[in-house]
Each structure stands twice: as structure tokens, then as C-alpha cells.
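Quick notes on the structure that follows.
The values are calculated or read from the model by the stated rules, or taken from the named source; none is laboratory data. All figures in this text were calculated on a predicted structure; none of them were measured in a lab. Neighbour counts are summed over all protein chains in view; Cβ atoms, including those assigned to glycine, are modelled from backbone coordinates with ideal geometry.
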Amino acid sequence: MPSPAQLKKLQTVAKAAAVKAYAPYSKFRVGAAVLTESGKIFSGCNVENASYGLCNCAERTAIFSAVAAGERKFKCVVVYTPTKTATAPCGACRQVIYEFGPKIRVYSFCNGPDRIDGSIRSLLPAAIGPEDLD
């Protein structure tokens, strides 16, 4: 679980990442920040494509950037959406987050007071993870 100061920093990073989103079709700019067990923060934004199936969400962009940098253990994922209510990660993002641990915290915030705060396991019950493939 991040400290209050870390959570505030992660929210700032996620909101800044949303500004960089490539969202010419949906106009829905999402930003994410992940906190690794080593204390590093990685950000990501959504990247759309004319072939919609090739789009990538902010959460996966942030996680994939962290993995590319050698990180494999995460404390939390913070997601920002420019909406009045908080938006949880999509199913694909939930599965990717779960891949790295069922206890990872997910925090979603928005332009309003609404918040989502829970473990990825609570957002993706009955998920399949690496431990299920042994």
C-alpha cells in the first residue's frame, strides 16, 4: 500500500500522463501510474489506433514500460479518467495487473470526488494467474 505522499505523487503522474494520450477517436484520455516494490514510478497513457483492436490502455502501457525496465513486482496501479465518476480498468487491464500479483492495489480517481480503491483480486474475481499454470 502506498503512503499518502506516494499516492498523491502517483495521482499527479497519472493525471499528467492523460494529457499525453493519443485518443483521436474516443477523445477519452486516460493516464496511469504504477508503483513498483522498488519504489519506482512508471506512467502510461492510452494509445488508440484506427484498427480499434490494436489500441493500448494506459494501465497496460505503464505496466509494460515498467516490465521493459526490469520491474516485475508492483504495489499499486493508479488510474485517472477525465470524468465525473471514477472508471475501473477494463477486463484486459485487470488480467494484466493480476499477472503480477493478486494483492496489487488499484486506485481510480477522476475530476469528481468519486474513487475506486481495492485489490485487483476484488476487481477480477476467479482470475487466472501464473500460479494456476503449474
Exercise. Within region 1-18, track down each residue that is touching a residue at least 24 places away in the same chain (Cβ under 8 Å) and either out of contact with any Leu (no Cβ under 7 Å at 6 or more places or on another chain) or part of a loop (DSSP other than H, G, I, E, B) (or both).
Key: 1, 2, 7, 9, 11, 13, 14, 15, 16, 17, 18
Self-check item: Selection within region 30-40 - within 15 Å of residue 3 (Cβ to Cβ) and touching a Lys or Arg at 6+ places or on another chain (Cβ under 7 Å)
Solution: 35, 36, 37
Self-check item: Residue that is surrounded by 13 or more Cβ atoms within 10 Å (Cβ to Cβ) and within 16 Å of residue 18 (Cβ to Cβ), where the choices are 81, 36
Solution: 81
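In this structure, is residue 69 within 13 Å of the chain's Cα centre (by Cα), under 22 Å from residue 9 (Cα atoms) and among the hydrophobic types (A, V, I, L, M, F, W, C)? So that I can check it myself, show each step before the final result.
Details: within 13 Å of the chain's Cα centre (by Cα): no; under 22 Å from residue 9 (Cα atoms): yes; among the hydrophobic types (A, V, I, L, M, F, W, C): yes.
Spelling it out, it is not the case that residue 69 is within 13 Å of the chain's Cα centre (by Cα), under 22 Å from residue 9 (Cα atoms) and among the hydrophobic types (A, V, I, L, M, F, W, C).
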Self-check item: Test: residue 72 is in contact (Cβ under 8 Å) with a residue 12 or more places away in the chain, of a type in the set (Lys, Arg) and surrounded by 13 or more Cβ atoms within 10 Å (Cβ to Cβ)
Solution: no
Quiz item: Are there any pairs, at least 6 apart or on different chains, whose C-beta atoms fall under 6 Å, with the first in region 103-125 and in contact (Cβ under 8 Å) with a residue 40 or more places away in the chain and the second part of a strand (DSSP E or B) and exposed (fewer than 13 other Cβ atoms within 10 Å of the Cβ), and if so, which?
Solution: 109/115
Practice problem: Check region 62-77 and report whether any residue there is at pLDDT below 95 and small (Gly, Ala, Ser). | Solution: no
